[in-house]
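Visitor: Right, I'll just put the structure down here and ask away after.
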């Protein structure tokens, strides 16, 4: 197999991750990876396997961060350009809609279709598309651009997890449970197969992706059977700035009382969830540190864990028990107390945490359940970038094979 150079951009609501891979004889090797936390004087944290350091950069938004990263990799890298032989740049897109459910080569037509999906994922798609436009502008024309979709993993969800709305609305507006964080949930499921030595096609797994944005998925035999996020990322668990599940009647009442649609969208996406309860922060570390002296912070933590535990119990029922419960994401990977609160009182289904293991698992891959637990509980730091790189590598070779066949 020919050598491929693949650059991955993973756009979050307030951060931008990147990773450069080299593919030689089917194996993907990471060359360098990093993350920019967006906002004025931003910090780029990068690691090439030997060196791990931080650089302060000016990046008011994701597009500026992407431009800076490309210039740095091309011109400012102290050991020469890393982009001279780049073949592929791939972007994580939160919402692929009904049209896209596998890695897609991006053309002008595809980009226009993706622009139409921004309303369903307003915290992620606009930023991801801004990064995509920058890479298409700055990279040579021979570099192929691919989109990888968070919703793809949920494309074949059972019909019964959809919405009980009139069929006329479902068909006219394409309303369905799209699900989000699919790349992260897929990574956790596939990684569990390797570390637990249990085939993915013989496993029932409940995976939590807990960070600024949060979701939980129930999967059976490697396929999602239910997930907390729905038509948009607003549904499900309580999050940093989103409330999660909410009675739609509240929203209707607010509109009747004079709130505009734009005001409602802003409140639901940017001023609810943890920030709505605490009134000033979404940082779970700060909530846990100051909870004893601040009733609002205690309430926010209680609501967050209660909602997650409710979904855990529901998905246990849907799956008729689980082989594993997995925690990923910034909170899931780094907060033993939150994991403990979510799992408390679950002994009825055979789930028992080991207190010492749970405390030790901070940002590291680890089994945290007791030896007496019938359910394995794991912390698995999520690596979406490796899943994306594998997918676009395969998609690129398929496109190339079809093109070669057409020419011949």
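The values are calculated or read from the model by the stated rules, or taken from the named source; none is laboratory data. All values derive from a computational prediction rather than experimental measurement. We place every Cβ from the backbone using ideal geometry, glycine too, and count neighbours over all the protein chains shown.
Visitor: Within the stretch 211-239, how many residues turn out to be without any contact (Cβ under 8 Å) to a residue 24 or more places away in the chain and crowded, with 18+ Cβ neighbours inside 10 Å?
Guide: Final tally of qualifying residues: 1.
Visitor: For the stretch 339-348, what are the residues that are under 18 Å from residue 367 (Cβ atoms) and over 19 Å from the mean Cα position of the chain (by Cα)?
Guide: 340, 342, 343, 346, 347
Visitor: So, one more: Output the helices (runs of 4 or more DSSP H) that fall wholly within the stretch 287-344 and possess 3 or more residues being free of Cβ contacts under 8 Å to residues at least 24 places away in the same chain, or say none.
Guide: Output list reads 295-319.
Visitor: Residue 382: in contact with a strand residue (DSSP E or B) (Cβ under 8 Å, 6 or more places away or on another chain), in a loop (DSSP other than H, G, I, E, B) and closer than 25 Å to residue 184 by Cβ, yes or no?
Guide: yes
Visitor: Please go through the stretch 127-157 and give me each residue that is touching a strand residue (DSSP E or B) at 6+ places or on another chain (Cβ under 8 Å), crowded, with 16+ Cβ neighbours inside 10 Å and not in a helix (DSSP H, G or I), ordered by number.
Guide: Passing the criteria: 139, 143, 144, 145, 146, 147, 148, 149, 150, 157.
Visitor: Just to be sure, is residue 208 in contact with a helix residue (DSSP H, G or I) (Cβ under 7 Å, 6 or more places away or on another chain) and surrounded by 19 or more Cβ atoms within 10 Å (Cβ to Cβ)?
Guide: yes
Visitor: Being out of contact with any strand residue (DSSP E or B) (no Cβ under 7 Å at 6 or more places or on another chain), at negative phi, in the same structural domain as residue 364 (by TED's automatic domain parsing) and touching a residue at least 24 places away in the same chain (Cβ under 8 Å): is that true of residue 268 here?
Guide: Working: out of contact with any strand residue (DSSP E or B) (no Cβ under 7 Å at 6 or more places or on another chain): yes; at negative phi: yes; in the same structural domain as residue 364 (by TED's automatic domain parsing): yes; touching a residue at least 24 places away in the same chain (Cβ under 8 Å): yes.
Taking the combined requirement at face value, the residue satisfies it.
Visitor: I'd like to verify a number: residues in the stretch 158-200 that are farther than 21 Å from residue 235 by Cα, touching a helix residue (DSSP H, G or I) at 6+ places or on another chain (Cβ under 9 Å) and surrounded by fewer than 14 Cβ atoms within 10 Å (Cβ to Cβ), how many?
Guide: 1
Visitor: In the stretch 274-286, which residues are without any contact (Cβ under 8 Å) to a residue 40 or more places away in the chain and either within 10 Å of residue 300 (Cβ to Cβ) or part of a helix (DSSP H, G or I) (or both)?
Guide: Selection gives 274, 275, 276, 277, 278, 279, 281, 286.
Visitor: Kindly indicate whether residue 242 is assigned to a loop (DSSP other than H, G, I, E, B), buried (at least 22 other Cβ atoms within 10 Å of the Cβ) and within 22 Å of the chain's Cα centre (by Cα).
Guide: yes
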